[in-house]
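Notes follow once the structure below has been shown.
The values are calculated or read from the model by the stated rules, or taken from the named source; none is laboratory data. If you're wondering where the values come from, they're calculated on a predicted model, not measured in any experiment. Here the Cβ positions follow ideal geometry from the backbone for every residue, glycine too, while neighbour counts run over all protein chains shown. Side chains are part of the model used for accessible areas, which takes the heavy atoms of the whole protein and leaves out ligands, DNA and RNA. Shrake-Rupley method; radii C 1.70, N 1.55, O 1.52, S 1.80 Å.
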Amino acid sequence: MTGRSLRRTAASNAVATGDQRLAIIAGSGSLPLYVALAARSAGEDPLIIRLKNEADLDWSEFENASISVGDVKGLGLLLSAHGIDRVVLSGGVARRPEWREIRPNLKMIAKMPSIIRTLLSGGDDTVLQMVIGLIEAQGARVIGAHEIAPGLLATTGPLGKIKPSDEDRRDIAKAAQAALALGVLDVGQGAVSVGGRIVALEGVEGTDGMLERVAALRAAGRISQRRRGVLVKLCKPQQDIRADLPTIGPSTVENAAKAGLAGIAIEAGRAFILDREAMLKAADAAGLFVCGIDTALEGDMM
């Protein structure tokens, strides 16, 4: 599905039907709040299910409950008690649970060996697909955050005042190739190219951690001081778009500037921009471009 058709689908699904209720399983960061506010503006009364030791916002303005990451039994009880028919997974989760922390219900007992194998050796996308399956086994349908808040999705082309140069475009193409290859391995979503050379790939440290590493390499003289380079973030080719879409915000711009980069490119229609106005204002002030690219197009992706 292309970015354009994804946005159309998201817009058509934004308002729920029926009397049942939406739940937002909230991890860290501000994305869950954006999704909750979008749901409320569409007439929803979302239940916020806060993940213990992960959710870091004040949810007192919404009905909310708290569970640990591995408490599937408790989640099933919450979904049933509140008439939940749709669930959105939103926000960051820094640590996957140990298998000993999994609290199963009867529906899960037979699946425990498979769950343990996935937690021990599966990549992030594999784990997310397992989580989606476990939630849907409790009787609720998992939908994407973009279906509730389609306005957060990036669009194609430059998003701020700065446009990428021809050299930047070459770095975008190179980093996009690397990001897609990395995604096939279910490792990360981001890559940095400087002067046509891949200098960093995103791992478990996340995008901000990768950019800090690039800044350190630049300061140590391991990366050219003359050429700036770009960050590209893309969905993994096999990724379930209902969870963990690439996301950027003001901190991404701040760290890209510290790393000496020329700009940031993200996948149009399949990546979120948070605090858009503040982020683009910061990018313009730092002389960085931010643009959306369409990987479905051949040649020029912008």
- Message: I'd like to check something: does segment 61-70 contain any residue that is free of Cβ contacts under 8 Å to residues at least 40 places away in the same chain, within 20 Å of GLN129 (Cβ to Cβ) and open to solvent by 20 Å² or more (accessible area, probe 1.4 Å)?
- Response: yes
- Taking THR207 as meeting all but one of (1) in a helix (DSSP H, G or I); (2) open to solvent by 20 Å² or more (accessible area, probe 1.4 Å), write down the number of the exception. (2)
- Only one of (1) open to solvent by 10 Å² or more (accessible area, probe 1.4 Å); (2) touching a residue at least 24 places away in the same chain (Cβ under 8 Å) fails for ARG213. Which number is that? (2)
- When the residues of segment 39-54 are filtered to those that are open to solvent by 30 Å² or more (accessible area, probe 1.4 Å) and in contact with a strand residue (DSSP E or B) (Cβ under 9 Å, 6 or more places away or on another chain), which remaining residue is nearest to ARG242 (Cα to Cα)? ARG50
- Item | Selection from segment 225-261 of residues that are under 16 Å from ASP124 (Cα atoms), outside any loop (DSSP other than H, G, I, E, B) and either in contact with a Ser or Thr (Cβ under 8 Å, 6 or more places away or on another chain) or of a type in the set (Asp, Glu) (or both) | LYS233
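A quick yes/no check of all residues on (1) surrounded by 19 or more Cβ atoms within 10 Å (Cβ to Cβ); (2) in contact (Cβ under 8 Å) with a residue 24 or more places away in the chain; (3) farther than 13 Å from ALA154 by Cβ:
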{"residue": "ARG242", "(1), (2), (3)": "yes, yes, yes"}
{"residue": "PRO246", "(1), (2), (3)": "yes, yes, no"}
{"residue": "THR252", "(1), (2), (3)": "yes, yes, no"}
{"residue": "ALA265", "(1), (2), (3)": "yes, yes, no"}
{"residue": "ALA268", "(1), (2), (3)": "yes, yes, no"}
{"residue": "ASP275", "(1), (2), (3)": "no, yes, yes"}
{"residue": "LEU280", "(1), (2), (3)": "yes, yes, no"}
